[in-house]
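For reference, the structure discussed in these notes is given below.
What follows draws every value from the coordinates through simple rules; no lab data is involved. Being a predicted model, the structure only gives us computed values, none of them experimental. Counting neighbours? That spans all protein chains shown, and the Cβs are built from the backbone with ideal geometry, glycine included.
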Amino acid sequence: NKKKDLAGKTIVITTGGTREPLDPVRFIGNRSSGKMGYAMAAAARDRGAMVRLISTVDLPESAGMEVTRVQTAAEMLGAVKNSVKGADALIMAAAVADFKPSKVASEKIKKASASLDLKLEPTTDILGEVKGKFVRIGFAAETSELIDNAERKLDAKNLDIIVANDVTAPGCGFGSDTNKVTLIFRDGHMEDLPLMSKREVADAILDRAVPIFAPMARV
Ligand code: PMT
């Protein structure tokens, strides 16, 4: 892709799975490798955008991007709030924890009794919290009722596009180098993309996002 159709645009991208600490050595996490968001970031960079990547992981493909490292959902929220100032788009490829331990033990939790009850509390929804006049793209990783669940998130999070991936399908979702997604747009139309590399998925998403940028241009 040789197009520089994102020249002059600033795009904030999140990637990786957040880690919510339980004690100094343990956390609650998920299987996100960060590959999808890094592919989004590389595609946007190569198309001329200024990329602000907020990531829980370090991957090699990071030249020409501004990378902010975070661990928890709360840190990611703070970094997103800072980064969206003056941005043209927010693309949330990260798998953000929905719950975090209510208390973080200051010492390593000891193996004491037969069972251990963990109390969790909800994290803040980043897309729900961060408002502003920029293109909003979310991802949804689902194990059932892919389209219904993704449509609900598109509405609830006020998105322009949601990228729905059925993470139970082979070669899809967490950790793989490929992905197979359905794009659902704000006006309700949908597009099924074939299985392809995460970089190709990223370029396909940007192809659909570019026309949304123009009417939303900042004044
Ligand atoms: O990193 P990889 O191994 O390459 O895997 C890629 C991926 C499967 C993680 C990615 O393609 C993906 O689907 N990311 C979204 C994961 C997900 O299930 O998100 P969600 O359904 O919990 O949330 C929906 C949207 O809201 C997402 O854009 C998410 O970033 C955002 N969100 C979620 C929780 C929260 N507290 N704040 C948010 O903004």
- Query: Tally Lys and Arg at +1 and Asp and Glu at -1 over the other residues with C-beta under 13 Å from the C-beta of ALA39: what net charge comes out?
  - Reply: 0
- Task: Would you calculate a helix-derived [θ] at 222 nm for the chain, using -39,500 (n - 2.57) for each DSSP H run of n ≥ 4 and dividing by the full residue count, to the nearest 500?
- Result: -7500 deg cm²/dmol
- Rank by packing, highest mean first: peptides 196-204, 10-18, with packing defined as the count of other Cβ atoms within 10 Å averaged across residues. 10-18, 196-204
- In the chain, what percentage of the DSSP-assigned beta bridges are antiparallel, given to the nearest 5? 40 percent
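On a 32 Å Cα-Cα criterion, which of the cross-link pairs LYS100/LYS180; LYS4/LYS180; LYS119/LYS180; LYS85/LYS110 come out too long?
Among LYS100/LYS180; LYS4/LYS180; LYS119/LYS180; LYS85/LYS110, the Cα-Cα distance tops 32 Å for LYS119/LYS180; LYS85/LYS110.
For a quick protection proxy, order the peptides 35-43, 169-177 by their average other-Cβ count within 10 Å, most packed first. Working shown, then result.
Working: 35-43: 27.1, 169-177: 14.7.
The packing order, highest mean first, is 35-43, 169-177.
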- Message: Can you report the principal axis dimensions of the stretch 123-218 using only the alpha carbons, biggest first, rounded to whole angstrom?
- Response: 39, 30, 23
